[in-house]
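Visitor: Right, I'll just put the structure down here and ask away after.
The values are calculated or read from the model by the stated rules, or taken from the named source; none is laboratory data. No experiment lies behind these values; they were computed from the predicted model shown. Please note that ligands, DNA and RNA were not included when accessible areas were found on the heavy atoms of the full protein model with its side chains. Shrake-Rupley method; radii C 1.70, N 1.55, O 1.52, S 1.80 Å.
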Amino acid sequence: MQTFQCVCQSKLFFGSTHCVSCDRTVAMCPACRKVSAMEPQTDGTWICQHKGCKTKLRPCQNRLDHAACNRGVRVDDEQELCTTCRLNQVIPDLTVDGNLEKWKRLEAAKRRVLFMVEKIGLPIGMPGQEELLPLRFEFKADDAEPVSTGHSEGLIVINIKEADSVHREQTRVEFGEPQRTLVGHFRHELGHYYWDLLVKPKLLKEFRELFGNEEAPTYADAQQIYYQKGARPDWREAFISGYATMHPWEDFAETFATYLDMVAIVFTAQHFGRVNVDVDLNEFDAMVKAYGEIGIVANEFNREIGLLDLVPEVFSKPVIEKLRFIHRLGNRSANRDSSPEQASGRQA
Ligand SMILES: [Zn+2]
Ligand SMILES: [Zn+2]
Ligand SMILES: [Zn+2]
Ligand SMILES: [Zn+2]
């Protein structure tokens, strides 16, 4: 992620709520899409201080009530919640000990992932919109019924125990995964959403050539076979992960998540002047190359501290072609010439 700048010239971060130098109130502005200082007004609203923006905002209600969000809402927007928080259909029971912290971690990961999704020009269906499949979230705890993390017709359900790092690490080791993170969950489940939204309606033929036929075997059959036999031993030749071998839908979601990892890392490196790649353009091959180069360095940093590899995967040729297919989805649906103001207006 990039950093931002306060009016006092200090750095602000994506999750900032205050400037640590001048103590000004800070928020993510939906108009200029910058984390910037806010000038508080007597009526509780803010004026965005990012140069030239001056949009009148109020704090997202989840910030006021729970300190669970750092986004502003345009004052002319009728909704109390920001455009990210309003996608929630169910949030955890906050009277239960520990749930507020878990939910905050989920929201932070969700905001981070959705910011980049918008940045690469993928559309997000807002609740109440007719033309796009609305994206919705449910963050739930196991009850009488266990909650499975997954996606169905625009609804992403995440079991809140995934926000518990002990549980997550146990599961990661159990399934032999190189990484297991909240941002990774959001990226994977969004892959299923974008398959429904962008691939199913008009790109099915191209999809099947790369990922296989999603109707044969059926998802249920494929799942059963996978849980009996596991991934085929030669999966690295054509898949991004063992889990991707289960079914073309999982292959797409796993590859989509990897694509978002790559974009986020290369964008970050670009922001800090470490690579000369324009992530917003069609420089797919350059981006793959840059990601490989950053990966080597970042992995060595991580190994020095004893952390897991940042970029665990090696891209085989078939995986690169699958990633290229996903790259084109962003380009096709993007309105790259739109200014940030227009881009956020689209989903208001
Ligand atoms: Zn400041
Ligand atoms: Zn602004
Ligand atoms: Zn919010
Ligand atoms: Zn999946």
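Visitor: Quick one: what are the phi-derived ³J(HN,Hα) couplings along the stretch 173-185, Karplus 6.51/-1.76/1.60 with θ = phi - 60°, whole Hz, x for glycine and proline?
Guide: 5, 4, 8, x, 8, x, 8, 8, 9, 5, 4, x, 4
Visitor: Compute the separation of the alpha-carbon centres of the stretch 25-80 and the stretch 124-180 and state it in Å as a whole number.
Guide: Using only Cα atoms, the two centres lie 28 Å from each other.
Visitor: Still on this structure: Apply the Karplus parameterisation 6.51 cos²θ - 1.76 cosθ + 1.60, with θ equal to phi minus 60°, to every residue of the stretch 148-160 and state each ³J(HN,Hα) to the nearest whole Hz, in sequence, with x for glycine and proline.
Guide: With the stated coefficients, the stretch 148-160 comes to 9, 5, x, 10, 8, 6, x, 9, 9, 9, 10, 6, 5 Hz.
Visitor: Less than 19 Å apart at the alpha-carbon level, and either on another chain or at least 8 residues along: which lysines does that give for Lys51?
Guide: In chain and number order, the partners are Lys11, Lys34.
Visitor: 5 Å is the cut-off here: which amide hydrogens, built 1.01 Å from N in the peptide plane, fall below it relative to Val35, excluding neighbours closer than 5 in sequence?
Guide: Excluding prolines and chain starts, which carry no amide H, the hits are Cys29.
Visitor: When the accessible area of the chain is split by element with a 1.4 Å probe, what percent falls to carbon and sulfur? Mind dumping the intermediate values first?
Guide: Details: 8750 of 17420 Å².
Of the solvent-accessible surface of the chain, carbon and sulfur hold 50 percent.
Visitor: Give the dimensionless ratio obtained when the Cα radius of gyration of the stretch 143-244 is divided by 2.2 N^0.38 Å. Before the final figure, lay out each step's value.
Guide: On the way: Rg = 15.1 Å, N = 102, 2.2 N^0.38 = 12.8 Å.
Relative to the rule-of-thumb radius for its length, the stretch 143-244 sits at 1.18.
Visitor: Where does the stretch 13-130 land on the Kirkwood hydrodynamic radius, alpha-carbon pairs, in angstrom? Present the calculation step by step, with values, prior to reporting the outcome.
Guide: Details: mean 1/r = 0.0668 Å⁻¹.
By the Kirkwood definition, the hydrodynamic radius is 15.0 Å.
Visitor: Please compare each pair in Lys54/Lys102; Lys140/Lys317; Lys110/Lys322; Lys200/Lys229 to a cut-off of 31 Å on the Cα-Cα distance and tell me which ones are over it.
Guide: Details: Lys54/Lys102 34 Å; Lys140/Lys317 39 Å; Lys110/Lys322 24 Å; Lys200/Lys229 28 Å.
Among Lys54/Lys102; Lys140/Lys317; Lys110/Lys322; Lys200/Lys229, the Cα-Cα distance tops 31 Å for Lys54/Lys102; Lys140/Lys317.
Visitor: Mind listing the Cα extents of the chain along all three principal axes, in Å, largest one first?
Guide: In descending order, the Cα extents are 64, 52, 46 Å.
Visitor: In whole Hz, with x marking every Gly and Pro, tabulate ³J(HN,Hα) for the stretch 238-254 from phi via Karplus 6.51 cos²θ - 1.76 cosθ + 1.60, θ = phi - 60°.
Guide: 9, 10, 7, 8, x, 4, 5, 6, 4, 7, x, 5, 6, 4, 5, 5, 5
Visitor: Ok, one more. With only alpha-carbon atoms counted, please give the Rg and Dmax of the stretch 1-82, in Å.
Guide: Just the Cα atoms of the stretch 1-82 yield Rg and Dmax of 11.5, 33 Å.
Visitor: For the stretch 84-190, calculate the relative contact order in percent as a whole number, restricting contacts to Cα pairs under 8 Å that are 6 or more residues apart. Could the numbers behind the result be given before it?
Guide: Details: 133 pairs, mean separation 29.1, N = 107.
Result for the stretch 84-190 is 27 percent.
Visitor: Would you list the P(r) distribution for the stretch 105-198, with all Cα-Cα distances sorted into 5 Å bins from 0 and each bin expressed as a whole %?
Guide: In order of increasing distance, the bins hold 3, 12, 22, 25, 19, 12, 6, 2, 0 percent.
Visitor: Can you give me the accessible area per residue for the stretch 1-82, using a 1.4 Å probe, in Å²?
Guide: Working: 3990 Å² over 82 residues.
Result: 49 Å² per residue.
Visitor: Let me ask something additional. Where does the chain land at 222 nm, in deg cm²/dmol rounded to the nearest 500, when only DSSP H runs of n ≥ 4 count, each adding -39500 (n - 2.57), divided by all residues? Walk me through the numbers before you get to the answer.
Guide: Details: 10 runs with 139 residues, N = 348.
Per the formula, -13000 deg cm²/dmol.
Visitor: Something else: Return the percentage of antiparallel bridges among DSSP beta bridges fully within the chain, rounded to the nearest 5 %.
Guide: Numbers: 17 of 26 bridges.
Close to 65 percent.
Visitor: Suppose a student asked you for the relative contact order of the chain, using Cα pairs under 8 Å spaced at least 6 residues apart; what percent would you report? If you can, show how the numbers build up before the last one.
Guide: Details: 517 pairs, mean separation 48.2, N = 348.
Rounded, it is 14 percent for the chain.
Visitor: Once amide H atoms are placed 1.01 Å from N in the peptide plane, what residues at a sequence separation of 5 or more from Leu12, or on another chain, have their amide H within under 5 Å of its amide H?
Guide: HN-HN under 5 Å from Leu12: Phe4, Gln5, Cys6.
Visitor: Another question, if that's okay. Let me check against my output: what whole-number percent is the relative contact order of the stretch 203-335, with C-alpha pairs under 8 Å and at least 6 apart?
Guide: Details: 117 pairs, mean separation 32.0, N = 133.
Relative contact order of the stretch 203-335: 24 percent.
Visitor: How much length would be gained if the chain were fully extended between Val314 and Thr181, taking 0.36 nm per residue of separation minus their Cα-Cα distance, in nm to one decimal? Walk me through the numbers before you get to the answer.
Guide: Numbers: separation 133, 0.36 × 133 = 47.88 nm, distance 1.92 nm.
Computed gain between Val314 and Thr181 is 46.0 nm.
Visitor: Further question: Taking all protein chains together and a probe of 1.4 Å, list Cys8, Cys32 from the most accessible to the least accessible.
Guide: Details: Cys8 50, Cys32 10 Å².
Correct descending sequence by accessible area is Cys8, Cys32.
Visitor: Counting only residues 5 or more places away or on other chains, whose amide H sits under 5 Å from the amide H of Ile156 once H atoms are built in the peptide plane?
Guide: The list, which skips near neighbours in sequence, is Arg136, Phe137, Glu138.
Visitor: What's the angle, to the nearest 10 degrees (0 to 90), between helix 317-333's Cα axis and the longest principal axis of the chain?
Guide: With rounding to tens, the tilt is 40 degrees.
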